Amino acid sequence: MGNVLEHTLRYCQKLIPLSVYTFGQPIYHHTLACLGGIVYRFPSRRIKVIGVTGTKGKSSTTEIINAILEEAGYRTALSNTIRYKVADQSHPNLFKMSMPGRFFIQRLIRQAVSAHCDYVILEMTSQGTLQYRHKFLHLDTFVFTNLSPEHIESHGSYEQYVAAKVRIAAELNNSKKDNRIIVVNADDAESVRFLNCDADMKVSFKITDVAPYEIGIAGIDFTLKNASTTQSLRVHSPLSGLFNLYNILAAITATRAQGVSDEIIARAITKFSGIRGRVERVEVPSAKNGTPQAFEVVVDYAHTPDSLTKLYEVFKTNYIIGILGGTGGGRDGWKRKEMGRIADTYCSDIILTDEDPYDENPDKIVADVALGITTKKPTIIMDRRQAIHEAITRARALSSDTTLNKKVSILITGKGTDPYIMGPNNTKTPWSDAAIAREELAK
């Protein structure tokens, strides 16, 4: 019923003059969100809901929270950029939306209630607030990871982007749940904006909470302290990068607030090896003798200057071959030159390629990125498969160079697990960076 109703409303939308539609958009989106709640009988009232927002780390944080709650014996549902799942049934997210439509989310929560899940964990986005997708979701816990400029064209300014994120936290005010909790990253300058929202418990975390810590390419070691018992645990995570330590810390703080013990949290983090498209290592042993490849290939979603910098920082002691585009066409054009500058700073070799041009000229997008590259000569290969093939060819040659005293790392950024390359008129070409890299390595 929900699908039929939503399709009917979208058809009617096409018959309305643009000026009238623009004026009535808030009413339209609010009505659709309300109808989604009505059709599925406001299921979020019947289950604990944890919402996670921020510029970066949302998907990883939801996955780590999910892993900890499952380790604690809870039955969970989950929706993020990577996948959606109810109990043991998991499916890839092919919508090209981190926060799918209102009817989809309400249906997912209703399915979670019917499957007797204890928690549903939702990735929540600023883009979603523009269409009121955050409405009629009765939150128990809200988690804020971090903020940096993104989606400026969609929101009009960075201030309006921040305000959209804060509106998600403000939904705690409308929630009739008991023991509403806000968890915020106190190291982020915008954290005070979220702490001003209404909640029964306000909890913050800082990176010093897990000091001393060591971060390496092979993983993270940190200290899990318990203030009430003055005891601490030394924990190892297979994840890498300071950004992942923040994601882990957000998940620890959120699940501690649910009453999960430190022992269970530590056990879950040690087991959790990461998610697809987030510092995902692609390996194909030699077909001849089964020996591991002499260089590493990493696929990551990094699509903002800050996230690209943090990824490159992890591998900065290596010889980096960077494959990047200019993120999506028609949006955030301001960051293209900056992405090029960052690649110029960290990469030893740069290959620029197509990403998601939509209706914009892909050559123009790549040329904008190249403006930031001043100390190296980038190679432009618009065919993304050929770009990956060329990087692997170069890495193989470099790995046999005895004069190079560095490990070679190919970092393929911008798409992560995105299932399509988006072209003109919303055309979709099925795609997977990891799958293509694996095929090219096998050759």
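The values are calculated or read from the model by the stated rules, or taken from the named source; none is laboratory data. Model, not experiment: these values are computed from the prediction. Note: ideal-geometry Cβ built from the backbone for every residue, glycine included; neighbour counts use all protein chains shown. Surface areas here come from the heavy atoms of the whole protein model, side chains and all, with no ligands, DNA or RNA. Shrake-Rupley method; radii C 1.70, N 1.55, O 1.52, S 1.80 Å.
Return the residue satisfying two criteria in turn: it lies in the stretch 47-68 and is under 19 Å from L137 (Cβ atoms) and basic (K, R), and of such residues it is nearest to the chain's Cα centre (by Cα). Per the stated criteria, the residue is K58. Where helices (runs of 4 or more DSSP H) fall wholly inside the stretch 70-173, the ranges with 3 or more residues that are among the basic types (K, R) and in contact (Cβ under 8 Å) with a residue 60 or more places away in the chain are 102-114. With respect to the conditions (1) at pLDDT below 95; (2) in contact with a Ser or Thr (Cβ under 6 Å, 6 or more places away or on another chain); (3) of a type in the set (V, I, T), V39 lacks only one, and its number is (2). Close Cβ contacts (under 6 Å, 6 or more residues apart or on different chains) running from residues in the stretch 244-255 that are over 10 Å from V52 (Cβ atoms) to residues that are at pLDDT 95 or above and open to solvent by 10 Å² or more (accessible area, probe 1.4 Å) comprise T253/V203. Of the listed requirements (1) farther than 21 Å from V299 by Cβ; (2) in contact (Cβ under 8 Å) with a residue 60 or more places away in the chain; (3) not β-branched (V, I, T), E338 misses just one: (2).
Only residues that are more than 27 Å from I220 (Cβ to Cβ), assigned to a loop (DSSP other than H, G, I, E, B), touching a strand residue (DSSP E or B) at 6+ places or on another chain (Cβ under 8 Å) and open to solvent by less than 10 Å² (accessible area, probe 1.4 Å) were counted in the stretch 327-352, giving 1. All told, Y213 meets the bar of being closer than 30 Å to T317 by Cα and either surrounded by fewer than 16 Cβ atoms within 10 Å (Cβ to Cβ) or not charged (D, E, K, R) (or both).
Restricting attention to the stretch 180-208, the residues being under 14 Å from A254 (Cα atoms), outside any loop (DSSP other than H, G, I, E, B) and open to solvent by 30 Å² or more (accessible area, probe 1.4 Å) number 4. Please work out if G322 is without any contact (Cβ under 8 Å) to a residue 60 or more places away in the chain and under 22 Å from the mean Cα position of the chain (by Cα). For G322, the condition - without any contact (Cβ under 8 Å) to a residue 60 or more places away in the chain and under 22 Å from the mean Cα position of the chain (by Cα) - is not met. Taken as a whole, the condition of being open to solvent by less than 50 Å² (accessible area, probe 1.4 Å), in contact with a Ser or Thr (Cβ under 7 Å, 6 or more places away or on another chain), at pLDDT below 95 and in a loop (DSSP other than H, G, I, E, B) does not apply to A294. When the stretch 241-256 is filtered for residues that are closer than 19 Å to Y119 by Cα and surrounded by fewer than 24 Cβ atoms within 10 Å (Cβ to Cβ), the ones remaining, listed by number, are T253, R256.
When the residues of the stretch 125-174 are filtered to those that are polar (S, T, N, Q), open to solvent by less than 20 Å² (accessible area, probe 1.4 Å) and modelled with pLDDT under 85, the one that is farthest from F103 (Cα to Cα) is S148. Every condition in (1) crowded, with 19+ Cβ neighbours inside 10 Å; (2) touching an Asp or Glu at 6+ places or on another chain (Cβ under 6 Å); (3) not charged (D, E, K, R) holds for I264 except the one numbered (1). When the residues of the stretch 325-349 are filtered to those that are closer than 15 Å to I412 by Cβ and under 19 Å from the mean Cα position of the chain (by Cα), the one that is modelled with the lowest pLDDT is T327. Of the candidates G219, G259, the single residue that is touching a residue at least 12 places away in the same chain (Cβ under 8 Å), on the phi > 0 side of the Ramachandran plot and either open to solvent by less than 30 Å² (accessible area, probe 1.4 Å) or not aliphatic (A, V, I, L, M) (or both) is G219.
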